[in-house]
1. What are the semi-axes of the equivalent ellipsoid of the chain, taken as the square roots of 5 times the eigenvalues of the Cα gyration tensor, listed largest first and rounded to whole Å?
2. Could you pull the Rg and Dmax for segment 71-128, using just the Cα atoms, both in Å?
3. Starting from the Cα of K19, draw a straight line to each of the lysines and keep only those under 19 Å, dropping any in the same chain fewer than 8 residues away.
4. Convex hull volume of the Cα atoms in segment 199-258, per residue, in Å³?
5. Classify segment 91-199 as rounded, prolate or oblate, taking a ≥ b ≥ c as the square roots of the eigenvalues of its Cα gyration tensor: rounded when a/c is under 1.5, otherwise prolate if a/b is larger than b/c and oblate if not.
6. Checking the table K89/K272; K203/K234; K203/K261; K171/K193 against a 20 Å threshold on Cα-Cα, which pairs fail?
7. Select from L215, L267, L179 the residue whose mean-square fluctuation is largest in a Gaussian network model of the chain (Cα-Cα springs shorter than 10 Å).
8. Could you pull out every one of the aspartates and glutamates with an alpha carbon less than 13 Å from that of K181, ignoring same-chain neighbours closer than 8 positions?
Amino acid sequence: MKVLANDGISQSGIDALEKDGFEVITTTVAQEQLINYINENQIDVLLVRSATTVRKDLIDACPSLKVIGRGGVGMDNIDVAYAREKGLKVINTPAASSHSVAELVFGHLYGLSRFLHNSNREMPLEGDKNFKGLKKAYAKGTELKGKTLGVLGFGRIGQATAKVALGAGMKVVAFDPFLEKADLELEFFDGQKVSFEIKTISKEDVLKQADFLTLHVPAQDGYVIGEAELNSMKDGAILVNAARGGVVDEIALVKAIESGKISRAALDVYEKEPQPEMGLLMNPALSLTPHTGAATNEAQDRIGTELAQQIASILL
């Protein structure tokens with residue numbers, strides 16, 4: 001049986017699939033050529049990340065397909081219900097990248113709280129002639145310890161982010177419409193474990209209490225954070241969106257930054273990917289990454305092996 005990993009797969013995933021007798025193809029086929037390629041090569045399994053879309057036309061046109069796999073969490077690039085209605089198995093790897101996203105969030109938070117995103121730009125340009133000026137400009141950093149992290153969406157990634165926050169000495173407040181509480185267990189290098197129970201509160205209370213806000217919600221109709229929500233937050237709060245483009249109103253966010261309501265923000269995802277608005281790219285109050293939340297070697301290894309295990313359990 002043939003597996004087309006159209007957006008790539010880790011070597012560990014390839015090895016696991018080949019060990020089970022699958023032929024793994026890692027050719028990246030253009031979206032408009034994908035149907036023909038699948039049919040000509042009688043592909044049984046199509047694996048994608050976020051670049052390739054799997055819509056009704058492809059599902060209808062490719063009778064050889066038995067499994068569609070998403071290397072990651074969100075499956076908004078796949079017509080999941082329709083595929084399952086047609087008898088295809090649709091799988092993903094919801095747990096594999098949780099900690100990777102959480103660490104990226106905190107990379108942004110630590111950087112923003114100490115102006116690293118700006119100083120890393122300015123030091124190469126002015127560090128030799130304006131060292132004292134830059135030192136003064138970036139002298140009013142803040143510590144994360146003792147501050148409150150608000151988490152909107154308290155699923156696997158939200159909880160993983162909360163664990164990092166607790167380890168950093170932060171207070172965590174969380175909102176999730178489907179969850180009343182979560183038991184979090186922090187594991188340390190020497191085998192010690194500490195447990196925390198986090199009871200969720202209203203979205204409004206999270207926004208009011210948060211010094212730092214991070215979003216971990218699925219794509220949906222309408223903004224989760226718009227002008228009204230930004231206005232209800234603490235003055236000078238910092239926001240991170242490493243969830244999905246379109247859950248934060250980017251125009252309202254820039255206005256809130258310009259007014260001083262929000263001091264700084266970080267974006268890993270954008271309303272217009274892969275061409276974010278130039279106003280975002282040039283804004284000195286924003287820390288930006290190109291949708292790399294799950295892009296660690298460790299996460300990709302976990303994603304590859306998890307997909308391989310699920311495919312084997314379905315088809316063998």
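1. They are 38, 22, 20 Å, listed from largest to smallest.
2. Over segment 71-128's Cα set, Rg and Dmax evaluate to 20.0, 64 Å.
3. Hits, sequence-local ones excluded: K2.
4. Numbers: hull volume 5.2 nm³, N = 60.
For segment 199-258, the hull spanned by Cα atoms encloses 87 Å³ per residue.
5. prolate
6. Distance filter (> 20 Å) returns K89/K272.
7. Maximum fluctuation in the GNM of the chain, among the listed residues, is at L179.
8. Within reach: E197.
The values are calculated or read from the model by the stated rules, or taken from the named source; none is laboratory data. Note that the coordinates shown come from a computational prediction; the quantities given were computed from them, not determined experimentally. With ideal geometry, Cβ positions are generated from the backbone for all residues, glycine too; neighbour counts draw on all protein chains shown. Keep in mind that these areas ignore ligands, DNA and RNA; they rest on the heavy atoms of the full protein, side chains included. Shrake-Rupley method; radii C 1.70, N 1.55, O 1.52, S 1.80 Å.
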